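Below is one structure; the comments refer to it alone.
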Amino acid sequence: MYHSVAEDPYHITVSPGRLDRQLRWLRDRGLRGVSVDALLRSRAAGRGTGLVGLTFDDGYADFLSDALPLLRRHDCTATVFVMPGRAGGDNAWDPLGPRKPLLTEDGIRAVADAGMEIGSHGLLHQDLTTADGVTLVRETAVSRALLTELTGRAPEGFCYPYGAVDTRAVEAVRGAGYGYACAIDPGPLTGLLALPRVHIGAADTSWRLHLKRLLHPLRRRPLPEESTPTTSTADPAAGGTL
């Protein structure tokens, strides 16, 4: 789970240099970053070993300028979760962090045309666990319709803002027609509509990545058997989601 790719005094995001080293770390261990949709399809076909799902939340403009060239350099793809209701705006939902521009509509299309997967991060980045029924529909179904119109392809994936998920949110995502959804640590809700992820930040050097790879299957519930018929996330050598 990545966010912005830039120098960051809060050490939440990663610099381009750090991302380059992290992607090289994957490659040096025979791993390759792919979009979540590609990872799930490969796992379902029994070909998930060695693949790692890479996600970039919020759809920052620096994905296009800084992350995309590095992904191409290391033969990786990724899923970029964007908010069509904030295209061309900034991260106004984050009162403490520095203002950062988000991808414009043209930028979102350019990311999709570059072979990256576009998923929805809601319409306006609202916590679905506290949302009323109208907001749930707007954040899930309406955002999906707008992204379909924008890119010409209905997004398969949804990402819960703030990683917050409950049963109502899962059902709203299911009703909107998504094939999968990403959370952070969904606990008993873990499944295709609440995939666990690991945050990757500026402090994640080689040894920290190694520890996170080992600890991920211990700290997160494995997907139900019917979600991954041929691969278990309990195996640290199998594909996972960073």
- Any chance you could count how many residues in region 92-106 are modelled with pLDDT of 95 or more and in contact with a strand residue (DSSP E or B) (Cβ under 9 Å, 6 or more places away or on another chain)? 3
- Task: Select the helices (runs of 4 or more DSSP H) contained entirely in region 1-102, then report the ones holding at least 1 residues which are among the hydrophobic types (A, V, I, L, M, F, W, C) and open to solvent by 30 Å² or more (accessible area, probe 1.4 Å).
- Result: 36-44
- Query: What number of residues within region 150-163 are more than 14 Å from PHE81 (Cβ to Cβ) and of a type in the set (Gly, Ala, Ser)?
  - Reply: 2
- Message: Kindly evaluate ALA78 against the criterion of being at pLDDT below 95 and either within 30 Å of VAL142 (Cα to Cα) or charged (D, E, K, R) (or both).
- Response: no
- Which numbered condition LEU51 misses (of (1) aliphatic (A, V, I, L, M); (2) over 21 Å from PRO196 (Cβ atoms); (3) touching a Ser or Thr at 6+ places or on another chain (Cβ under 9 Å)): (2)
- List every residue pair whose Cβ atoms sit under 7 Å apart, with the two residues 6 or more apart in sequence or on different chains, where the first one lies in region 21-45 and is over 20 Å from LEU195 (Cα atoms) and the second, anywhere, is charged (D, E, K, R). GLN22/ASP204; LEU26/ARG32
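Let's see how each residue does on (1) under 21 Å from ALA131 (Cβ atoms); (2) at pLDDT 95 or above; (3) assigned to a loop (DSSP other than H, G, I, E, B):
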site	(1), (2), (3)
LEU147	yes, yes, no
LEU150	no, yes, no
VAL165	yes, yes, yes
ARG168	yes, yes, no
ALA172	yes, yes, no
HIS216	no, no, no
- Is it true that some residue in region 123-139 is more than 24 Å from SER65 (Cα to Cα), in contact with a His (Cβ under 9 Å, 6 or more places away or on another chain) and open to solvent by 30 Å² or more (accessible area, probe 1.4 Å)? no
- Query: Is it the case that region 124-144 has a residue that's farther than 27 Å from PRO9 by Cβ, touching a residue at least 24 places away in the same chain (Cβ under 8 Å), in a loop (DSSP other than H, G, I, E, B) and not aliphatic (A, V, I, L, M)?
  - Reply: no
- List pairs: first in region 202-216 and under 22 Å from VAL5 (Cβ atoms), second modelled with pLDDT of 95 or more and polar (S, T, N, Q), Cβ under 9 Å, 6+ apart or cross-chain? ASP204/GLN22; THR205/GLN22; SER206/GLN22; LEU209/GLN22
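Could you pull out the residue among ALA238, ALA194 that is open to solvent by less than 30 Å² (accessible area, probe 1.4 Å), small (Gly, Ala, Ser) and either modelled with pLDDT of 90 or more or under 21 Å from ASP57 (Cβ atoms) (or both)?
ALA194
The values are calculated or read from the model by the stated rules, or taken from the named source; none is laboratory data. Keep in mind the model is a prediction, meaning the values are calculated, not measured. Because the Cβ atoms are built from the backbone with ideal geometry, glycine has one as well, and the counts that use them run over all protein chains shown. Note: accessible area is taken over every heavy atom of the protein model, side chains too, but ligands, DNA and RNA are not part of it. Shrake-Rupley method; radii C 1.70, N 1.55, O 1.52, S 1.80 Å.
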